[in-house]
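To start, the structure itself, in structure tokens.
The values are calculated or read from the model by the stated rules, or taken from the named source; none is laboratory data. Owing to the predicted nature of the structure, the values given are computational and were not obtained by experimental measurement. Note: ideal-geometry Cβ built from the backbone for every residue, glycine included; neighbour counts use all protein chains shown. Each accessible area value is taken on the protein alone, full model and side chains, heavy atoms only, with ligands, DNA and RNA left out. Shrake-Rupley method; radii C 1.70, N 1.55, O 1.52, S 1.80 Å.
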Amino acid sequence: MMLSGLLAFSLMQLTAAIEIKLHANESISSLMGYDDLIFFQPKEPPASPMTCSEQKPCEFCDAEMICGGSLPLDLSTGGDNKLSFVWEAPDDKVISIAAERGDMEFPPRTRIELELKTPDCEAEYQGIDMKTVTLDFDDGGIGHTQSYTFLNGESFVDLLACGIFTRMQFEPAADGILDLKFKKLTVTALYDSQKMAQGELEYTWSTSGYIWMRKPEDGSIELEDFVGVPSTTTATSSTVLPLATTTSPEAGTDVESTPKPTPLPTSSPPSSSPVNMDTFVASSFLILASVVGAM
């Protein structure tokens, strides 16, 4: 009986989807000085402690505060060939992203982006078919109706030889309203685990790369207080949508060129200015000390 139980547990582990869980970190956003980005930090698989230091992200860039770390991933063990990216708000918050098109020439957009790198460049490139990708918005039970258009052509999940790069892009729905409010967003893609490097690899992340949600033009992005269903209950309101039914290829044109990253794009945030170290006063270093000490 015990042997059969162990066998069932082993089979469950073998076929479980690979999950990369990322938690919104308000301390990073405050430290970096951005109000148009929500930064995230990998939590699962168990990641190394985050470190922050003053660095130059490129040869000709000004020095800025950069945070980062690493996490182990074995993408060759995805028994059901599913890879999930789970973007989560803090326990007492919900993620809110909103904008209205109004009379804007181009619709406002928000992007959810992640870049992970590894020095072990052994995997075979895979550009995931977006028709196999699903979105699961979990609003924590507050009953919010998500309003958006998902741009299939500007979104991608790329498994590169030396890393992972993914982007999900949203614009207003047909009524001109973009209104997202959720505790958790799970993006799940189908991939071929046999084409991945065998065994566990160490992947690095950095705030000089991509690990954020971006504010839409003339819109808002914030972590709001969660005043919905108490955490002692099990009630949730979750909507799983296959992208084939939510995609609208005709919904607007990108303001800028957005080819898939081959090679990977530059590390500077495309819509943000670097931290100005001339005005980076001593209080910022006190914030840094508290962030690192809390890890």
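Every condition in (1) surrounded by fewer than 21 Cβ atoms within 10 Å (Cβ to Cβ); (2) touching a Ser or Thr at 6+ places or on another chain (Cβ under 8 Å) is met by Thr145 except one, and the failing one is (2).
Residue selection: Ala197 fails the criterion of being more than 20 Å from the chain's Cα centre (by Cα), open to solvent by less than 90 Å² (accessible area, probe 1.4 Å) and at pLDDT 95 or above. Within the stretch 132-144, the set of residues being closer than 11 Å to Thr188 by Cα and of a type in the set (D, E, K, R) comprises Asp136 only. Residue count for the stretch 171-194 satisfying the condition of being of a type in the set (A, V, I, L, M) and open to solvent by 30 Å² or more (accessible area, probe 1.4 Å): 3. When Ser238, Ser231 are checked against the criterion of being closer than 30 Å to Ser48 by Cα, at pLDDT below 80 and open to solvent by 40 Å² or more (accessible area, probe 1.4 Å), Ser231 stands alone in meeting it.
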